[in-house]
Structures are given as C-alpha cells and as structure tokens.
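Here, each number is a calculation from the coordinates, and none is a lab measurement. Everything numeric in this text was worked out from a predicted model, so none of it was measured. In this analysis, Cβ positions are derived from the backbone assuming ideal geometry, glycine residues included, and neighbour counts consider all displayed protein chains.
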Amino acid sequence: MLFYFLIFCGIGVVVGKYATTSKNGFLLLIGIAAVWSIGSGPFWGLITLGELLFGFAFFKFIISSDKK
C-alpha cells in the first residue's frame, strides 16, 4: 500500500512539473485514475485520484512556490 502511495504521489509531482497548465494536468490525473479504476475498481480509482492530486498539489503549492 505504501508503495502505491509513493508511486502515485510521484506521478502527481511529475505531472505537476511537466503539465503546461494546471487544467491540463488535472485532466491528465483524472484520466490516469479512470484507467486505474477500470482495472482495480472504482474505490481504488478514487484513492488513486487522491494520491495523484496530493502529489500534484504538493508540487504546485510547495515546490513551485519555493522557486519564485
């Protein structure tokens, strides 16, 4: 469980770093979570979305604000 948390938070950070806009990044995260929910079920898709959004928000609000 911790492994998946770290993986999906890491993917969220990477998407936050390379997405051109926040809207595009958010839509990409929704797509990743939707694909994951097809294979693992809707509950795990929602959990995955939360982990992805956590990594995305961590990058946008913590890491990006330190560089300005």
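Estimated from the Cβ-Cβ distance and a Förster radius of 22 angstrom, the FRET efficiency linking Asn24 and Tyr4 is about 0.35. Based on Cα contacts under 8 Å between residues 6+ apart, segment 2-59 shows a relative contact order of 52 percent. Against the chain, whose longest principal axis is taken from its Cα atoms, helix 42-58 shows a tilt of about 10°.
Using the Karplus relation 6.51 cos²θ - 1.76 cosθ + 1.60 with θ = phi - 60°, the per-residue 3J(HN,Hα) values for segment 13-24 come to 5, 5, 5, x, 6, 9, 6, 5, 10, 5, 5, 4 Hz, with x marking Gly and Pro. Helical content alone sets the calculated 222 nm signal of the chain at -27000 deg cm²/dmol, taking -39,500 (n - 2.57) per DSSP H segment of four or more residues and averaging over every residue.
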